[in-house]
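What follows is one structure encoded as structure tokens, with my remarks underneath.
The values are calculated or read from the model by the stated rules, or taken from the named source; none is laboratory data. Quick caveat: nothing in here was measured; it's all calculated off a predicted structure. Here the Cβ positions follow ideal geometry from the backbone for every residue, glycine too, while neighbour counts run over all protein chains shown. Areas reflect the complete protein model, heavy atoms only, side chains present, ligands, DNA and RNA absent. Shrake-Rupley method; radii C 1.70, N 1.55, O 1.52, S 1.80 Å.
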Amino acid sequence: MDMANLLALQETDTAIDRLTARKHALEVGSELSAARAEADAAERELGEIGLELDVVARDQAKLEHEIDSLTQKAAAENTRLYDGSIANAKELESLQHEIENLDRRRSDREDEMLVAMEVRETLESRAAEARARVEELRARASEVGGAALQELERIDVELVERREARDALVPAIDREILDLYEDLRKQKKGVGAAALIDGVCQGCHEHLSAMELDKLKRTEGVRRCEYCRRILIF
């Protein structure tokens, strides 16, 4: 009876350890922290795209102003060219060159404006995607936070139940066996007792030899794995 209760105790302790570790992870907020960090990273990316958009918008406004200024200046010079106010042939030729130069500069600025518009369009598309991503991740972080609180409540209830079950099992186990089990648990990552199934120790998963199995069957008292030295329960 001691051995059956000991195995039940080990299963209970394993469950308590698992629940306690999970509770710690939730309290530290590892999942929530990860979700928030991901959302923060996406928000930083959105901010960086916004800064790029500001630069492009300023460049575009500057180009628009230059194009408008060059257009007005070229129009004014064209008026002078054809209004008869200039009779000197050399001056007329110089004015024509000036108009051509103005037109060329305006054409260059218009090409630059097209490039700026394409860059802005790309950035606006990226910004829209990043904004949607931020909203999605912020919602996810809120969801994780709410789910974490609910899970903590469930864990607390289950821990109470498991500890009550443990308290009921302990008195039914021989004191010496219990002390050995507790010592082994400290040494063996929380597992002091393991079932023996089909000749395999479920603690270390080593297959015991036929000779060792025969020896264990004839052993009175506590049986232990020859490999990991955990208490074996047949």
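With one equal scatterer per alpha carbon and no solvent term, the Debye-computed log10 I(q)/I(0) for region 150-198 at 0.25, 0.29 1/Å reads -0.97, -1.02. Ordering Thr20, Leu184, Ala210 by the projection of their Cα atoms onto the charge dipole of the chain, which places +1 on the Cβ of Lys and Arg and -1 on the Cβ of Asp and Glu, puts Ala210 at the extreme positive end. Close Lys pairs in the chain (alpha-carbon distance under 28 Å; sequence gap of 8 or more, or different chains): 11.
Neighbours of Leu180 by Cβ distance under 15 Å: Lys/Arg scored +1, Asp/Glu scored -1, total +1. Per-atom-type breakdown for region 93-220 gives carbon and sulfur 48% of the accessible area (1.4 Å probe, protein chains only). Probing with 1.4 Å while keeping every protein chain in the model, the per residue accessible area of region 77-127 equals 72 Å². The list (i) 7, 17, 13, 11, 10, 9, 8, 7, 6, 5, 4, 2, 1; (ii) 8, 35, 37, 16, 3, 1, 0; (iii) 7, 31, 35, 19, 7, 1, 0 gives values of P(r) over Cα pairs in 10 Å bins from 0, in percent, and only one came from this structure; which label was calculated from it? Entry (i).
A simple charge model with +1 on the Cβ of Lys and Arg, -1 on the Cβ of Asp and Glu and nothing else charged puts the dipole of region 148-195 at about 260 debye relative to its Cα centre. What separates the Cα centres of region 181-200 and region 64-141 is a distance of 79 Å.
The residues of region 1-66 have, on average, 59 Å² of accessible surface per residue, using a 1.4 Å probe with all protein chains present.
Near the amide H of Arg224, within less than 5 Å, lie the amide hydrogens of Leu232, all on another chain or at least 5 residues away, with H placed in the peptide plane.
By the scheme Lys and Arg +1, Asp and Glu -1, what is the net charge of all other residues having a beta-carbon under 14 Å from that of Ser209? Provide the component values of the computation, followed by the final result.
Numbers: positive: Lys215, Lys217; negative: Asp198, Glu206, Glu212, Asp214, Glu226.
Local net charge: -3.
About the centre of its Cα atoms, region 1-66 shows a dipole size close to 280 debye [charges on the beta carbon of Lys, Arg (+1) and Asp, Glu (-1) only; nearest 20 debye]. Using Cβ point charges alone (K and R +1, D and E -1), the dipole size of the chain about the Cα centre works out to roughly 1460 debye. Considering only trypsin sites (Lys or Arg not before Pro) in DSSP loops that have at most 11 other Cβ atoms within 10 Å, the longest stretch of the chain without any of them is 1-188.
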